[in-house]
Each structure stands twice: as structure tokens, then as C-alpha cells.
Amino acid sequence: MPLDIYDFSSFTQWVHQSLDAVMSPFWVITTEMVLVGLAFLTFYAIVGLMLVLAERRICAFMQCRLGPNRVGPWGFFQTIADLIKLLFKELIYIKKADKLLFNIAPFIVIIASFLALAAIPFALGLHAVDLNIGIFYIVAVSSLGVIGILLAGWSSNSKYSLIGAMRSGAQIVSYELSVGLSLITIIVLAGTMQISEIVELQRDGWFIFTGHISAIIAFIIFLIASTAEINRGPFDLAEAESELTAGFHTEYSGIKFAFFFLAEYMNMFIVASLGATVFLGGWMPFHVYGWDGFNAIMDFLPPFFWYIGKTAFIIFIIMWFKWTFPRLRIDQLLTLEWKYLLPINLFNVVLMATLVLLGLHF
């Protein structure tokens, strides 16, 4: 069975042609944007709720507890009940806070994750935008989230929030270097920043296998650095409950707190999606060059399930980190980046360039 049987391009072209037959070009584009926006909003809400439930279940499993098990079958509706509670919870206004920045901050954080999600290909022909600088775009727009965090901490007029925001700023700016360099390592191997082309180049083998030892090093560094960049444990210094109450969102309540809460999980989904796409072939099934029969069997599973499976695997590793290792001190966190990960990354980029130049990769 050819892989192209699952190509969504024909469906998207049919939608475009159907709209074009009854609308002017302006309204066609507007309608398509609205449809894509509604699809992303629905996907965002569903994935956020599912990840919260998965985190609670995985945490309970690792700590030998049951986890959510009362609201709905196997606690399935627990996160929905929490969402309803947050929607109706009172919004508490802080005296002497900068009201404009205080209200804007959670929207900046959540918009940044929406912008990054737009460039992720979920299956063959199923992505909102396919830029020729896709990797650069995702790294750039995902960096905007730290602006919302800094604004939230500063505008709250709280020392706990301010310290949490300063920690988060130092942490994200530092670990962005390692995330970027680990992605540059694969860009050197692929020769392109267009995400659809990066996936297509992995048709005969995922980069983590074909990229030799350099790709494996880049993948490990990407996992560590991206976990730190999204403020997940053991790198959650910005939300250190034992020190800072809740960190930069201490003074937030109701739906505004839910925005920060949901954005954290969606950022985890985005970095997992990016890692699965760049290192593990994205929606591309597991193929071995020359094994046509084996490859045909792998093609029976739709590409979307390959993408979801790989993303879920990386999400599980990130959650495993959180519930296995103790929280680092801020000096240990910065030492890990500047003294270890960054030098290794710089060496690894040169190593990958050498392997590509000499043709030593698989």
C-alpha cells in the first residue's frame, strides 16, 4: 500500500475548491483562516485536557498511587471538571498591579504556543503553514512566550512573582541556545529548514538512526534543553512551590491562571512534536532502506498515528524526568547549560558538519 494513500492534500484542495466556487477570493481566505483557527482551538483544548490527565496518571503510577478515579470512568472527566471550575472561578484583581500588562501577559504566553503549533505537520499534507524556514520560525515564535512570563512577574507587584519571572527569563534564554544548536545539527544533516522536506528526507530512515552518533547526541541534548525551556521539572525553578508559592503566576486566578497552566502543557506538546518531527521522522513510518516488504507493512498504519505515537513517547520521557529527578538549584541549572550542554553542542555541530562533508552518515 503506497504511503500517499493517506495524503490530506486532496482533502484540503477539495475544501479550497468548494469555497472558491461560491465565494470571492477574499472570503475564501477568510473562511479558511476561520476554519483552521477553530480546528486549532478544538485541538488545543482536547490535547491540553488529555495531557493533564496523562500527567496525573503517570505521576500516580510512578508514586504507586491510583490517581484520578472518581469523576467519570477511570477519572476521565476529572480535567473537564477542573476546567469548568476555573472558568467560573472569580478573577481576583491585585492592588497596585499594572492592570494592562497583568491582563495581557497570559494571552502572550498562549498566543506564542498557537503560533508555534501552526507550523507542525501532523500528517502528509496536513499542516496550517509550510514555511521554507519552518524550524527557524518555530524557534523564533516560541521565544515570545518568555515575554509574557516576564510581564506577568513584573506587573503582579509581588516579590515571589518577580523572582520567578527573573528565574524563568534566565533559564529560557540560556537553554534556547542548546535547543537551537541541537536543531542546527539536524539542519546541517538535512540541508534545509523546511519541515515537510525534513520529514520527506527521513522516508528511508529516521535521522536519529541515519545521522550517526551526532544525531543521537543532539536528540539527548534536545530532550534535556527543551524540558528546561518549558519550565518542566526538574528545571521548574520559576514555579518552585517550596520557595515562590507558584512563581510568576502566583497572583493569577480563574481563566487567566488556566491560560498559564494550559500553555505549559501545550508547550510540552510542541517541543515533543518538534523532536518527533526532526529526529524521529514525524508522520513518516519506520522504514529500512531496501526492505520493501517490511516498509509496505509499516505503511498500513496511517501517518497521523505514527506522529501521535512518537510525540506521546517524547512526552512520556519529559514527564518521567519530572517525577524521577529532584529539582535543581538555580546555579546548578545554569552550570549544566553553560559548562556542559553548550560546549558539547558546539562540538556536536562541528562533528555533524564533518560527517556530512565526508559522507560518513548513513
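Only the coordinates and a few stated rules stand behind these numbers; no lab work does. Please read these numbers as outputs of a predicted model, since none were measured by experiment. Note that we place each Cβ from the backbone using ideal geometry, even for glycine, and neighbour counts take in every protein chain shown.
Nearest 500 deg cm²/dmol is fine: what mean residue ellipticity at 222 nm does the chain get from its DSSP H runs of n ≥ 4 alone, each adding -39,500 (n - 2.57), divided by its residue count?
Calculated from helices alone, the mean residue ellipticity at 222 nm is -21500 deg cm²/dmol.
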Q) Can you give the relative contact order of the chain as a percent, counting alpha carbon pairs under 8 Å and 6+ residues apart? A) 22
Q | Anchor Lys99: aspartates and glutamates whose Cα lies under 18 Å away (excluding residues fewer than 8 positions away in-chain) | A | Glu90, Glu251
Q) Once label points are set 7 Å from the Cα along Cα→Cβ at both Met62 and Thr42, what is their separation, rounded to one decimal in nm? A) 3.3
Q: Return the single residue from Ala118, Ala21, Ala165 with maximal mean-square fluctuation; model: Gaussian network over the chain, springs between Cα atoms under 10 Å.
A: Ala21
Q. Where in the chain lies the longest segment free of trypsin sites (Lys or Arg not before Pro) that are both loop residues by DSSP (not H, G, I, E, B) and have at most 12 other Cβ atoms within 10 Å?
A. 97-328
Q. Using 0.36 nm per residue, how much length does the chain from Ser10 to Val173 gain when fully extended, once their Cα-Cα distance is taken away?
A. 54.6 nm
Q) How far is it, in nm, from the label point at Leu144 to the one at Met33 when both lie 7 Å from their Cα along the line to the Cβ? A) 1.4
Q.
If the elastic network links every pair of Cα atoms under 10 Å, which of Ser158, Ser182, Ser113 fluctuates the most in the Gaussian network model of the chain?
A. Ser158
Q. Which chymotrypsin sites (Phe, Trp or Tyr not before Pro) in the stretch 1-110 pass both tests, a DSSP loop state and at most 13 other beta-carbon atoms within 10 Å?
A. Tyr93
Q. So what are the stretch 107-182's ellipsoid semi-axes, whole angstrom, largest first, if each one is the square root of 5 times an eigenvalue of the alpha-carbon gyration tensor?
A. 29, 14, 7
**Q.** If the convex hull is drawn through the Cα atoms of the stretch 301-362, its volume per residue in Å³
**A.** 133
Q) In nm, to one decimal, how far is the Lys95 label point from the Ile317 one, both placed 7 Å along Cα→Cβ? A) 5.0
Q | Chain lengthening between Asp130 and Arg203 when straightened (0.36 nm per residue, less Cα-Cα) | A | 24.5 nm
Q) Given 10 Å bins starting at zero, what is the percent of C-alpha pairs of the chain in each, up to the one with the largest pair distance? A) 5, 22, 31, 26, 13, 3, 0
Q.
Give me the three principal axis extents of the stretch 239-350 from the C-alpha atoms, as integers in angstrom, largest value leading.
A. 57, 41, 23
Q.
If the reach is capped at under 28 angstrom between alpha carbons, list the lysines near Lys322, excluding any in the same chain fewer than eight residues apart.
A. Lys85, Lys159, Lys256, Lys310, Lys339
Q) Considering every pair of different Cα atoms, what Kirkwood radius, in Å, is found for the stretch 1-131? A) 18.8
Q: Give me the distance between the Cα centres of the stretch 8-55 and the stretch 104-162, rounded to whole Å.
A: 20
Q) Which of the chymotrypsin sites (Phe, Trp or Tyr not before Pro) found in the stretch 192-293 are in a DSSP loop and have at most 12 neighbouring Cβ atoms, other than their own, within 10 Å? A) Tyr289, Trp291
